[in-house]
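The structure under discussion appears below in the form of C-alpha cells.
The values are calculated or read from the model by the stated rules, or taken from the named source; none is laboratory data. In this text the structure is predicted, and so the values were computed from the model without any measurement. No Cβ is skipped: glycine too gets one built from the backbone with ideal geometry, and neighbour counts run over all protein chains shown. Calculation scope for accessible area: heavy atoms of the full protein, side chains included, ligands and nucleic acids excluded. Shrake-Rupley method; radii C 1.70, N 1.55, O 1.52, S 1.80 Å.
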Amino acid sequence: MTNNVRQLKQKLPIERLSLDVLFALRLLFDKKKDITDLEQDIADLKHFPERVSDSYRAEWEAYVRREIIAYLRQNNHTAPSDLIDKVLGDVDYIKQHDSRYQDMLVVIEQTQQIMASQNTRVFPTPWRQQITSLMLPAIVAGDSADEDH
C-alpha cells in the first residue's frame, strides 16, 4: 500500500459519520453490477437485524473509504472545495429525492430502534443455534468433569 493511500485512509474519519450519511454515500458509490446487492442486504435485516451494527456498518465504511479514495485520485486536478461540493450535492439529492434511499433508510432506522430497545431480543441465527447445540453439551460436560476433580 502506498504512503499516499495510507495517509488518505488516516485522514478519512469515516467512522464519525451517522448511519444515514454513510448509507447515502454507500448508495452514491454503488455500482450496477457490484457483488453486493444493497436491496437484498436491507431486506435481510428483518431476519438478521444484528447485521446493521455487526457487519453492514463496517462493510459500508470500507466500501465508501475505497470509493472516495478512487474518486479523489480520479479528480486530483479539481479544487478540493469543488469535490466536496459535488459529493455534498449528490448526497443531498439522494437524501431528498431518491426513493430507494428513503425506503431502505426506513428499514435501517427501524432495525436500529429494535436493536436499541431494552425489551427486544434477537433470536439466534440457524447457524448459531446449530453450533451452540453442537458445542454446549461438550462445554457443560467439561465443566462438570472439572468439578469432579
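Structure notes:
- The distance between label points at residue 75 and residue 16 comes to 2.0 nm (points 7 Å beyond Cα on the Cα→Cβ vector).
- Spin-label zone in the range 59-103 - amide nitrogen under 18 Å from a point set 7 Å from the Cα of residue 37 along the C-beta vector: 100-101
- Note on residue 78: accessible area is roughly 60 Å² with a 1.4 Å probe, heavy atoms of protein only.
- Stretchable slack from residue 97 to residue 134, in nm (0.36 nm times residue separation minus alpha-carbon distance): 8.4 nm
- Put the Cα centre of the range 18-37 next to the Cα centre of the range 61-92 and the gap is 14 Å.
- Each residue of the range 51-61 was assigned a 3J(HN,Hα) from its phi angle through the Karplus expression (A = 6.51, B = -1.76, C = 1.60, θ = phi - 60°), giving 4, 4, 9, 6, 9, 4, 4, 5, 4, 5, 4 Hz with x at Gly and Pro.
- Only Lys, Arg (+1) and Asp, Glu (-1) charged, at Cβ; the range 12-59 dipole about Cα centre in debye: 160 debye
- Where 33, 46, 86 fall by accessible area, highest first, once all protein chains stay in place (1.4 Å): 33, 46, 86
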